[in-house]
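Remarks on the structure that follows.
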Amino acid sequence: MEPGLYHLLFISTALFFIGVFGFLTRRNLITMLMSIELILNSVCLNFVAFNKYVWPGELDGVFFTVFIIAIAAAEAAVAIAIIINLYRSHRSIDVEVAGELKG
Amino acid sequence: MNAMPATIYIILIPLLPLLGFLIFGLFGKKYFKTSSGLVSIILISLSFLLALYTAYTYFFILGRTDGVYQAIKPIQLTWLSFTQALSIDMGILLDPISVMMLLVVTGVSLMVHIFSLSYMKGEERFPIYYAFLGLFTFSMLGLVLSSNIFQIYMFWELVGVSSFLLIGYYYDRPSAVAAAKKAFIVTRFADLGFLIGILVLSYHAQTLDFQTLIQRLATPGTVQFSSAVGSGFLGISALTWGLSLVFMGGAGKSAMMPLHIWLPDAMEGPTPVSALIHAATMVVAGVFLVARLFPVYSISAPIVLRMIAFIGVFTSLFAAIIACTQTDIKRVLAYSTMSQIGFMMFALGVSGYSGEDGLGYAASQFHLFTHALFKALLFLGAGVVIHYVHSNEMKDMGGLRKQLPVTHITFLIACLAISGIPPFAGFFSKEEILMAAHEHEPLVYWLAILTSGLTAFYMFRLYFGIFWSKPFRNEHAHGHEGTFPLLAPLVILSIGAVGAGFIPFGHFVSADGRILEMPLHVGFSVLPVSVGVAGILIAFWLYQTKNDRPDRIASAWKGLYRSAYHKFYFDELYMAVTKGILFPLVGKPAAWFDRNIVDGAVNASASLTQGVSDRIKGMQSGRVQPYAVYFLIGVLLLSFFLLYIWIR
């Protein structure tokens, strides 16, 4: 069976909720960052799938995906920098430790 | 009305005392601990010189056109403009009465400043005292120069505040604090009437400016006049109501019955303050106000003027009777002030507007002028006496003529002046007032004759009680009479009290601005003068030497004496009304409403907020993942909502 739009949407939705689940349950900041990347990738997959099956003549969805990848890279750099600093000060990257920063 | 930029310096007259107030109020304690008195005197003497120059320029050069004194407005600024037609302005209005008041206020203020230099020496809050004096002088000058009725109201309240501050100057004495509050509350209550009166008058006249207002409301036939007369309340026209309410404000400041209760208590302030505020300047503000709006009173509401005449003469007689029984010398002087202001008020009340009829008006202003001089002199003299014996009570005095020769002579001059003995100043002005009363209201005239006899009696009771009566014995008294600053104002003012009567006052101040010859008939003067002399002789017989005649008379007329000694129970009456009616019927319900309804609503909203925040403050945990859950729930709800709308 030829894979169609619905298969792709199913995969992206699954990816999204896996990401959300990971973000909410994991305590390790690196894992949480990875979960966010999963969510971003599910969105990218949606863009590409709709672009291919609904408006095949256009390139908007593809360009959006490229933007998202670029921004995700930048975001990952910032997030990792924050995590490294947290580790330096607290010797841990547990998200509960970051709760001490409130106030 | 011609604008003249050359007279702009007039604004300096009130501003110089204000400058003194600002400097001593801000820096007095640090930098002017002892020099504030001298600096103040310099500022106020500059004001006085400028006022003299203004008076000269106005009366002899600029003021008169075709034999009539015109009102001049050197400065007129629009301050708050609400619409094209309605704005509150700040301006200066020069006319005969305001120029005369300029001289009186700056002159008496200068004397009081000099006197205080010695009298208040060594006081802890010496610079603050001079700052308050400066504030008062500024406000009073602003009041007399005001060009519109709203401006006069602002300065009117400022005068009230500075009077409050100065009465309460000895704030560690409970009686002074109570007196200050009493003065403020009573005059403030009267000012409520004044404010309503201003609103009524300016609503109908559609202006706040004095000249326009007078011109519109004193000319029968204008649209504004018919609107003010046409509309009414309780069968009395709006114009009459407005003018009566404005007079209520004036009666409060000028201590007319029944709003007089604050004035005797105001004597708790330092004596020079009593001389300045509660004798010569502020208390005549009511007279000034009625004189300012006199054309409207006279032409449009003669009934109000009649009421003023009777209130004036009754206050005058009433205060004179009380003054005969008081033993605190400042209180005797306070009641005599009330009595003399009553004279000025009823003189306005019996006056007509133009020509010979306007005698009462001119006489009233003349009496205001001479009274300021001799009453300030009396108070300052009393200040020297109090300074010397350290007591206000007459029983601690007596036989002081040897110890205080200068005070003795000047006090005697002032007593003769207030009793209306020729050729002292009071004789001339009182004579004109009596003549005006004689022509218009015989009843007022006879009451006034009785009052002037009583005046002579109680003033000489005071004089003999202080300076004769018994040989002086007092271990607290110190060696000499006083220093130069204490005595110089007495001498200067006594020259005024002797000579001021010879000024042809009607040439300068009259109701319609024309020259008024003030007649003096010898035949007419016989009765008032002989009544005055009789009063003096009775006082001589009773008080010149210590004897038991006063006590015998007092016990013979026990009822009258007791009630006069207790000021005819006015204070008790006020207390009964406030404690018996006002507090339980108005105060208590209002307090209950405030405590339960108003405070209850505020407290309820506060506890509601607290309760809600107690419940939800656990959400603010500072942990990322619960936040993400809330975010997720929010997004999901929002998406379901949008989907629902979209599908529907």
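The values are calculated or read from the model by the stated rules, or taken from the named source; none is laboratory data. What you see is a predicted model; the values in this text were computed from it and never measured. Methodologically, a virtual Cβ is constructed for each residue, glycine included, from the backbone with ideal geometry; neighbour enumeration extends over all protein chains shown. Calculation scope for accessible area: heavy atoms of the full protein, side chains included, ligands and nucleic acids excluded. Shrake-Rupley method; radii C 1.70, N 1.55, O 1.52, S 1.80 Å.
At a Förster distance of 60 Å, what's the computed FRET efficiency of B:His390 paired with B:Ile616, Cβ-Cβ distance as r, to 0.05? For B:His390 and B:Ile616, the calculated efficiency is 0.30. Taking the charge dipole of the protein assembly as shown about its Cα centre, with +1 at Lys and Arg Cβ atoms and -1 at Asp and Glu Cβ atoms, the residue from B:Ser339, B:Ser202, B:Ala309 reaching farthest to the positive side is B:Ser339.
Nothing charged except the Cβ atoms of Lys and Arg (+1) and of Asp and Glu (-1): what's the magnitude of the dipole of chain B about its Cα centre? Round to the nearest 20 debye. Walk me through the intermediate numbers first.
Details: 39 positive and 31 negative charges, 322 e Å.
With only Lys, Arg, Asp and Glu charged at Cβ, the dipole is about 1540 debye.
Run through every distinct alpha carbon pair of the stretch B:47-95 and return the Kirkwood hydrodynamic radius in angstroms, one decimal place. Write out the running numbers ahead of the final one.
On the way: mean 1/r = 0.0795 Å⁻¹.
Computed over the stretch B:47-95, the radius equals 12.6 Å.
Counting heavy atoms of the protein chains alone, B:Ile11 has an accessible area of about 60 Å² for a 1.4 Å probe. Site pair B:Asn596 and B:Lys33 shows an inter-label distance of 5.7 nm when each label is modelled 7 Å from Cα along Cα→Cβ. The reciprocal of the average 1/r between distinct C-alpha atoms defines the Kirkwood hydrodynamic radius, which for the protein assembly as shown equals 31.1 Å.
To the nearest 20 debye, what charge dipole does the stretch A:5-100 have about its Cα centre, counting +1 at the Cβ of each Lys and Arg and -1 at the Cβ of each Asp and Glu? Write down the numbers at each step before the final one.
Values: 5 positive and 7 negative charges, 45 e Å.
The dipole of the stretch A:5-100 has a size of about 220 debye.
The relative contact order of the stretch A:5-100, computed from alpha carbon pairs under 8 Å that lie at least 6 residues apart in sequence, is 29 percent.
Rolling a 1.4 Å probe over the protein heavy atoms leaves B:Val629 with an accessible area of roughly 60 Å².
When both the stretch B:418-465 and the stretch B:167-201 are represented by their alpha-carbon centers, they are found 30 Å apart.
For the stretch B:138-236, applying the loop criterion from DSSP together with a ceiling of 14 other beta carbons within 10 Å to the chymotrypsin sites (Phe, Trp or Tyr not before Pro) yields B:Tyr171.
The stretch B:73-173: D in µm²/s via Stokes-Einstein (Kirkwood Rh, Cα pairs, 20 °C, 1.002 mPa s)? If you can, show how the numbers build up before the last one.
Values: Rh = 15.2 Å.
Answer from the Stokes-Einstein relation: 141 µm²/s.
Can you give me the Cα centroid spacing of the stretch B:243-305 and the stretch B:103-132 in angstrom? Between the Cα centre of the stretch B:243-305 and that of the stretch B:103-132, the gap is 23 Å.
So which trypsin sites (Lys or Arg not before Pro) in the stretch B:21-66 end up in coil per DSSP with only 14 or fewer other C-beta atoms within 10 Å? Passing sites in the stretch B:21-66 are B:Lys33.
Sorting B:Lys617, B:Lys253 by accessible area puts them as B:Lys617, B:Lys253; the probe is 1.4 Å, largest comes first, and only protein heavy atoms count. Take B:313-322, B:393-402, B:435-444 and order them by the average number of nearby Cβ atoms within 10 Å per residue, most first; the result is B:313-322, B:435-444, B:393-402. Interface residues of the stretch A:18-65, defined as those with an accessible-area decrease of at least 50 Å² between the chain by itself and the complete set of protein chains (probe 1.4 Å), are A:Leu24. Basic side chains Lys and Arg get +1 at the Cβ, acidic Asp and Glu get -1 at the Cβ, and with that the dipole of the protein assembly as shown about its Cα centre reaches some 1660 debye.
Between chains B and A, what is the buried accessible area summed over both chains (1.4 Å probe, protein heavy atoms, nearest 100 Å²)? All intermediate terms of the calculation are to be shown ahead of the outcome.
Values: alone 27920 and 7460 Å², together 34590 Å².
Summing both chains' loss of accessible area gives about 800 Å².
How high is the FRET efficiency from B:Tyr9 to B:Asp66, r the C-beta distance, R0 22 Å, rounded to 0.05? It comes to 0.25.
Look at where the Cα atoms of the stretch B:537-589 and of the stretch A:1-65 average out, and the two centres are 100 Å apart. Both radii were evaluated on the Cα set of chain B; the Rg over Rh quotient, with Rh as the Kirkwood radius, amounts to 1.09. Nonpolar atom fraction for the stretch B:298-378, defined as the carbon and sulfur part of the 1.4 Å probe accessible area, stands at 64 percent. Once the gyration tensor of the Cα atoms in the stretch A:5-100 is diagonalised, the equivalent ellipsoid follows with semi-axes of 32, 15, 6 Å, ordered largest first.
Would you tell me the accessible area of B:Phe640, worked out with a 1.4 angstrom probe on the heavy atoms of the protein chains, in Å² to the nearest 10? B:Phe640 exposes around 130 Å² with every protein chain in place.
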